[in-house]
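Working notes for the structure below.
The values are calculated or read from the model by the stated rules, or taken from the named source; none is laboratory data. The shown structure was predicted, so the numbers you read here are calculated from the model rather than taken from an experiment. The area values use the complete protein model at the heavy-atom level, side chains included, leaving out ligands, DNA and RNA. Shrake-Rupley method; radii C 1.70, N 1.55, O 1.52, S 1.80 Å.
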Amino acid sequence: MKMNVKKMVLIAMLSAVAYLLVCFIRIPVVLFLSYEPKDVIITVCGFLLGPMAAFASSAVVSLVEMVTISTTGPIGCVMNLLSTCSFACTAALIYKKHHNLIGAILGLTAGSLVMTAAMLLWNWLITPWYMGQPREAVEALLIPAFLPFNLLKAGFNTALTLMLYKPLVSALRHTGLVSGSSAPKQQSRIGIYLVGAVLLITCSLLLLVLQGKI
């Protein structure tokens with residue numbers, strides 16, 4: 001029972017952090033699409049507690065966002081849930097089976113691919129209705145707009161998760177909500193930060209291109 005309560009508290013706390021990120025960090029990218037780093041926190045939740053915890057956190061954040069700050073209503077809620085779950089739950093599922101750095105990288109890579117493919121499909125299905133445009137008009141935007149946006153989102157999510165996971169877990173251990181092994185070797189952490197930094201720089205350049213600034 002104590003473990004269940006601790007797990008629920010941790011999911012609630014991480015969900016609250018993810019929601020605050022939606023409120024305060026929203027970067028316009030292309031069309032009506034914007035990037036919020038909430039998936040990073042939800043993925044950390046999945047890495048810690050498993051894919052079902054990532055799903056629960058994603059559902060809570062999407063619903064709260066819908067009834068508070070969102071202007072896209074139920075459609076936006078569904079799309080947010082699909083996007084976050086396809087990334088975070090996929091990554092968490094693989095990391096649960098391969099609980100190491102390689103598993104994390106494989107999970108995040110698989111999550112990126114699944115999210116990109118899934119959102120191309122769901123944008124093709126739902127966006128014509130949401131935008132009030134014929135499907136042909138949306139199809140014309142899939143490659144020049146929706147594909148690079150989702151690749152950009154996946155890249156930012158992957159880089160930030162790699163760079164923030166260990167510091168966040170270390171902070172949570174001090175609260176007593178998380179117990180675990182000691183910190184990774186310094187060389188491993190430096191490698192992670194270097195990979196994350198390169199990915200962040202690459203995604204930032206892509207963002208500037210999509211915004212027409214370079």
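Taking amide H as placed 1.01 Å from N in the peptide plane, S34 has its amide H under 5 Å from the amide H of V29, each at least 5 places away in sequence or on another chain. Across the stretch 102-214, the fraction of Cα-Cα pairs farther apart than 16 Å, rounded to a whole number, is 68%. Relative to the longest principal axis of the Cα atoms of the chain, the long axis of helix 101-131 lies at roughly 30 degrees. In the context of the full set of protein chains, residues of the chain present 52 Å² of accessible surface per residue (probe radius 1.4 Å, heavy atoms only). Dividing the convex hull volume of the alpha carbon atoms of the stretch 20-79 by its residue count gives 84 Å³ per residue. Non-local lysine pairs in the chain, meaning eight or more places apart or on different chains, with alpha-carbon distances under 20 Å, amount to 12. Accessible surface for K97 stands near 150 Å², nearest 10, in the context of the full protein assembly shown (1.4 Å probe). To the nearest 10 degrees, how steeply does helix 2-24 sit against the main Cα axis of the chain, on a 0 to 90 scale? The helix 2-24 is inclined about 40 degrees to the chain.
As a length-normalised measure over Cα pairs under 8 Å and 6 or more apart, the relative contact order of the chain settles at 18 percent. Here the Karplus relation 6.51 cos²θ - 1.76 cosθ + 1.60, evaluated at θ = phi - 60°, turns the backbone of the stretch 59-73 into coupling constants of 5, 4, 5, 5, 5, 5, 4, 4, 8, 10, 10, 6, 10, 9, x Hz, with x for every Gly and Pro. Grouping the Cα pair distances of the chain into 5 Å bins from zero gives a pair-distance distribution of 1, 7, 14, 19, 20, 16, 11, 6, 3, 1, 0 percent in increasing distance order. The accessible surface of the stretch 67-166, taken with every protein chain in place and a 1.4 Å probe, is 73 percent carbon and sulfur. Note: relative contact order over the stretch 100-153, using C-alpha pairs below 8 Å and six or more positions apart, is 39 percent. Over the stretch 1-74, calculate the relative contact order: mean separation of alpha carbon pairs under 8 Å at least 6 apart, over the residue count, as a percent. Worked out over the stretch 1-74, it gives 30 percent.
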